[in-house]
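These notes concern the structure reproduced below.
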Amino acid sequence: MDWGYTNARIRGMKSRLLDHHALDTLILQPDLESLMGELEKTPYREDIVAARGKYTGLACIEHALRENFTRTFRKIIGFVRQEEAEQYITIFLHRWDVQNIKTILRGKNIHVTNEEIRDCLVPAGELDEATLTELVRQPDLRATIDLLATWRIPYAKPLTEGFPAFAKSGDLSVLECSLDQYYYRDALDTVKAPSANHAMIRNILAIEIDVLNLRTVLRMIHDQVSPEDAGPFLIDGGREFDAKKLDHLLRLHSTDEVIAALGTTQYRFPGTAQEPGLRPEKISVIERELERFLVRQGVGLFRRDPLSVASLIAYFWAKYNEITNIRIISRCKTADFPVEHLREELVYV
């Protein structure tokens with residue numbers, strides 16, 4: 001397998017990612033129009049110019065980012081031929097299938113227009129734009145799930161199984177959790193064979209699961225949900241937290257106690273993430289630090305063996321982070337968010 005060729009192509013694409021200076025330049029733009037003008041000086045130029053013909057303002061930037069993201073990963077699929085690399089690409093792109101289905105279900109649940117739902121979709125996974133459009137056209141949430149089942153799309157199974165609980169509670173997070181559990185179970189099964197590349201992929205997936213579970217624990221404790229009711233929302237397969245450890249965290253009495261309990265783990269950083277004046281209960285601060293940790297773990301794989309799947313994983317996380325940073329900048333521009341605070345919202349890698 002020619003990992004050298006794959007690595008060279010990925011390194012070339014990495015060189016086109018926005019560095020700290022470029023992000024700071026975007027941050028300093030006074031408004032959305034100036035921000036779009038600055039993005040036209042970057043590798044996003046083609047997408048911004050194309051989007052200007054259909055959209056304005058924030059919608060223009062969002063559309064351009066979606067188009068760039070989708071095209072970037074289609075390009076990678078076109079030149080990667082290693083089986084293990086293709087497996088990770090599939091895993092990574094499946095997360096966008098899951099995210100798109102969640103977006104459609106959320107839209108149907110709160111009765112927003114089909115056009116609004118379509119504008120939030122990123123057709124980067126196996127569910128292409130035509131498939132997603134047909135799902136959006138369905139009259140309600142149940143019909144959407146039924147169509148997935150009719151098409152024998154695997155995500156229909158966890159949604160169908162979780163639907164009675166959703167119908168009883170009205171809580172959409174029941175269905176979203178079912179999707180997440182299915183996604184990670186399927187992803188881990190894909191890379192269970194013993195190999196160094198599979199071990200690397202399993203490790204980053206396990207860290208993702210830890211982060212998701214810790215966010216769930218923090219929210220459940222904050223909302224005073226009982227451990228018994230919270231347990232079904234957790235995901236198996238984490239790196240550091242098995243069912244027993246998660247149950248212990250759920251039985252603590254405050255987010256303060258959870259932070260203290262994390263002090264002996266690799267996730268001990270949330271305890272130092274609280275700035276003066278921020279209460280431990282403000283879990284958004286901790287969630288942001290967890291997200292930063294996850295992104296840096298992924299991007300940090302650029303330092304691993306170049307003749308492996310490492311650089312591919314790292315690039316995916318770096319590109320995802322870049323898109324996220326630009327979205328944060330653009331949205332903050334619409335809210336007249338202070339520049340000094342905006343920088344704190346970004347993840348620099």
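Before moving on, here are some points about what is shown:
- Whole-number percent relative contact order across the range 137-215, with pairs defined as alpha carbons under 8 Å at least 6 apart: 17
- Selection from Thr6, Val225, Ala243 lying farthest towards where the dipole of the chain points positive, charges on Cβ: Thr6
- Listed pairs Lys102/Lys157; Lys54/Lys102; Lys245/Lys319 exceeding 21 Å between Cα atoms: Lys54/Lys102; Lys245/Lys319
- Label zone (Thr90, point 7 Å along Cα-to-C-beta; backbone nitrogen cut-off 16 Å) within the range 148-167: 153-155.
- Within the accessible area of the range 78-191 (1.4 Å probe), percent carbon and sulfur: 49
- For the chain, accessible area per residue (1.4 Å probe, heavy atoms of protein chains only), Å²: 48
- Restricting the range 1-76 to chymotrypsin sites (Phe, Trp or Tyr not before Pro) that sit in a DSSP loop and have at most 16 other Cβ atoms within 10 Å of their own Cβ leaves Tyr55.
- Computed accessible area, Cys177, all protein chains, 1.4 angstrom probe, square angstrom: 10
- Across the chain, C-alpha contacts under 8 Å between residues 6 or more apart give a mean separation that, scaled by the residue count, equals a relative contact order of 19 percent.
- Assigned charges on the beta-carbon of Lys, Arg, Asp, Glu; the range 1-149 dipole about Cα centre (debye): 180
- Spacing of the modelled spin labels on Asn114 and Arg303, each 7 Å from Cα toward Cβ, amounts to 5.0 nm.
- Taken about its Cα centre, the chain carries a charge dipole of about 680 debye when Lys and Arg each add +1 at the Cβ and Asp and Glu each add -1 at the Cβ.
- Relative contact order of the range 204-261, defined on C-alpha pairs under 8 angstrom at six or more residues apart (%): 43
- Normalising by residue count, the chain has a Cα convex hull of 152 Å³ per residue.
- Rounded, prolate or oblate (a/c below 1.5 giving rounded, otherwise prolate when a/b exceeds b/c) for the range 200-349 by Cα gyration tensor: oblate
- Computed from the Cα positions only, the extents of the range 1-159 along the three principal axes stand at 47, 47, 23 Å, in decreasing order.
The values are calculated or read from the model by the stated rules, or taken from the named source; none is laboratory data. Worth saying up front: this structure is predicted, and the values here are computed from it rather than measured. Counting neighbours? That spans all protein chains shown, and the Cβs are built from the backbone with ideal geometry, glycine included. Quick note on the areas: whole protein, heavy atoms, side chains included, nothing else; ligands and nucleic acids left out. Shrake-Rupley method; radii C 1.70, N 1.55, O 1.52, S 1.80 Å.
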